[in-house]
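The values are calculated or read from the model by the stated rules, or taken from the named source; none is laboratory data. Predicted, not measured: the structure shown is a model, and the values here were computed from it. Using ideal geometry, Cβ is built from the backbone for each residue, glycine included, and neighbour counts are taken over all protein chains shown. To get the accessible areas, we keep the full protein, side chains included, count just its heavy atoms, and leave off ligands, DNA and RNA. Shrake-Rupley method; radii C 1.70, N 1.55, O 1.52, S 1.80 Å.
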Amino acid sequence: MDRTKVNDPDLKAIAAFVASTATPERCGLPYLAAVLPAEHRLAAAHVVRDLGALPPDAILYLLAQPLLDLANDHLLRDRDLTARYEERFEVEDSDEWTAAMAEYNREADAITAAIFRAQGEPGLAHLYLTDRRAFDRRLERGRQHFFGPPTGAHAAYLRSKGIID
């Protein structure tokens, strides 16, 4: 297995990240997501993965969160993408809006998968593109590893989407 290479400035972030995943309370992840850039969280997740101390779905969660944040940031800054769909999004709930939304989602998914691949996660990119339900189910199982089962309206929503049973 290739080990992840880490630069010296990332060591503090990695130590904090590892500590937050190892404590019984595990309450550090939301804080780290708020204060660490996605790139640092991703580097830390690679180290945690390489340590082999967590189950695969927990690792998928740790990797996917910063990857999705990177992709979201890219999509929000992509002026060309926005311009191509802006006019078509004007009349919500029309057939044109529905078609435009489907096209936008396909293009956004392809960009997201490309970012996953560019960050060294081709397997996650493949799963994201080819079996979104499996990706979402594994992501949720990983989230539950750290935060426990969902409750209330969130649990009902996940059940309605087939993400949890």
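Yes/no matrix, rows are residues, columns are (1) touching a Lys or Arg at 6+ places or on another chain (Cβ under 6 Å); (2) at pLDDT below 85; (3) at negative phi:
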position: Tyr31; (1), (2), (3): no, yes, yes
position: Ala34; (1), (2), (3): no, yes, yes
position: Pro66; (1), (2), (3): yes, no, yes
position: Asp69; (1), (2), (3): no, no, yes
- Failed item in (1) touching a helix residue (DSSP H, G or I) at 6+ places or on another chain (Cβ under 8 Å); (2) loosely packed, with under 15 Cβ neighbours inside 10 Å; (3) of a type in the set (Gly, Ala, Ser), with Gly148 passing the rest: (1)
- Message: Suppose we filter Glu121, Glu90, Glu140, Glu96 for residues that are touching a Pro at 6+ places or on another chain (Cβ under 9 Å) and either farther than 21 Å from Leu70 by Cα or modelled with pLDDT of 95 or more (or both); which single one remains?
- Response: Glu140
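Here's the yes/no breakdown for (1) open to solvent by less than 30 Å² (accessible area, probe 1.4 Å); (2) in a helix (DSSP H, G or I); (3) under 30 Å from His46 (Cα atoms); (4) not β-branched (Val, Ile, Thr):
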{"site": "Leu76", "(1), (2), (3), (4)": "no, yes, yes, yes"}
{"site": "Tyr85", "(1), (2), (3), (4)": "yes, yes, no, yes"}
{"site": "Trp97", "(1), (2), (3), (4)": "no, yes, no, yes"}
{"site": "Asp109", "(1), (2), (3), (4)": "no, yes, yes, yes"}
{"site": "His126", "(1), (2), (3), (4)": "no, yes, yes, yes"}
{"site": "Leu129", "(1), (2), (3), (4)": "no, yes, yes, yes"}
{"site": "Glu140", "(1), (2), (3), (4)": "yes, yes, yes, yes"}
{"site": "Gln144", "(1), (2), (3), (4)": "no, yes, yes, yes"}
{"site": "Ala155", "(1), (2), (3), (4)": "yes, yes, yes, yes"}
- Could you please let me know if Ala45 is farther than 26 Å from His126 by Cβ and either surrounded by 19 or more Cβ atoms within 10 Å (Cβ to Cβ) or not small (Gly, Ala, Ser) (or both)? no
- Report, by residue number, each residue of segment 48-74 that is among the charged types (D, E, K, R) and either exposed (fewer than 14 other Cβ atoms within 10 Å of the Cβ) or outside any helix (DSSP H, G or I) (or both). Asp73
- Checklist (1) under 26 Å from Ala38 (Cβ atoms); (2) among the small types (Gly, Ala, Ser); (3) in contact with a helix residue (DSSP H, G or I) (Cβ under 8 Å, 6 or more places away or on another chain) applied to Ala118, failing item: (3)
